[in-house]
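Structure first, commentary second.
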Amino acid sequence: MTSSNSMSSGYCSLDDESEDFTFFTAKTSFFRKPKQAPKPNEAKEDEDKGTKELSKEEVKARIQQYNSQVSENGMKLASDGTYTGFIKVNLRLSRPVTVSAVESLSSDGPTILGKAATECLEGTDGERTDKRTSFYLPSDCMKQLHLSSVTTTREVIQGLLKKFMVLDNPCKFALYKQMHRDGQDLFQKLPLHERPLLLRLKAGPDLQRLSFVLKENETGEVEWHAFSIPELQNFLVILGKEETERVRAVEQKYSIYRQKLQKALRQHDP
């Protein structure tokens, strides 16, 4: 596919007219030639770099099995050994994201982002500083991406941020794989060189067995130096609003208690 839109990560064709999902299709540069099979003494090194490669025969068999389990959005094998398909990514961000502010906000949502970008942003609070706006994304906002077997975790993160015009450093985010086992949800952070579509192919289409989640890149202490001055200013404004709301809620709570106690005292007065 071709498109007038392009990204430094190699993505293109951001389809804003799709109601159900967003396409992240690949440029020619995305369809790199498949790596040759590693030599015996290179096998361990290849495993350290990510998920173990499948042979052409294994890829073909797994794609046939995968497509037999889905009614739409199956995987397609190319003549050069690469393949394309879809993954779904849940956006579970607990902190606000910073986006470009081109126009003022409306009551219906951030009109500055257009139709596709407002799908997950409508109804959230935001603060504007200069030409940037910070938003809390609703939890479990899901986007479906169309990508290649050579697309990496890094490129998926960059593509999602580009899609929503997010200005934050991609290093602040991480892609996790989520697995459901024994009634529990297990999360594992994916290396930046991992290929999500290969994981999807190996796991099959069952989202209970494997799903993808975009979260903050938790590294322990918050690296405040990684934020720009407008971002830090936005955080202060948002924290101030949260503090005011918390104080109001606490004051209201104890005001009600006080009224009840005073009423009880009046009832006991002779």
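The values are calculated or read from the model by the stated rules, or taken from the named source; none is laboratory data. Treat the numbers as computed from the prediction; the structure is a model and nothing was measured. Glycine gets a Cβ as well: all are built from the backbone with ideal geometry, and neighbour counts include every protein chain shown. Keep in mind that these areas ignore ligands, DNA and RNA; they rest on the heavy atoms of the full protein, side chains included. Shrake-Rupley method; radii C 1.70, N 1.55, O 1.52, S 1.80 Å.
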What number goes with the only condition from (1) over 23 Å from Gly159 (Cβ atoms); (2) surrounded by 15 or more Cβ atoms within 10 Å (Cβ to Cβ); (3) modelled with pLDDT of 50 or more that Ser79 does not pass? (2)
Tell me, yes or no, whether segment 99-107 has at least one residue that is within 24 Å of Gly159 (Cα to Cα), modelled with pLDDT under 80 and part of a strand (DSSP E or B). yes
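With respect to Leu186, is the statement that it is among the aliphatic types (A, V, I, L, M) and either in contact (Cβ under 8 Å) with a residue 24 or more places away in the chain or open to solvent by less than 20 Å² (accessible area, probe 1.4 Å) (or both) true?
Numbers: among the aliphatic types (A, V, I, L, M): yes; either in contact (Cβ under 8 Å) with a residue 24 or more places away in the chain or open to solvent by less than 20 Å² (accessible area, probe 1.4 Å) (or both): no.
No, not satisfied.
Criterion first (in a helix (DSSP H, G or I) and assigned by the TED database to the domain that holds Glu72) does Leu175 satisfy it?
On the way: in a helix (DSSP H, G or I): no; assigned by the TED database to the domain that holds Glu72: yes.
Against the criterion (in a helix (DSSP H, G or I) and assigned by the TED database to the domain that holds Glu72), Leu175 does not qualify.
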Considering only segment 186-195, I want to know if a residue exists there that is part of a helix (DSSP H, G or I) and either more than 24 Å from Leu54 (Cα to Cα) or touching a helix residue (DSSP H, G or I) at 6+ places or on another chain (Cβ under 9 Å) (or both). no
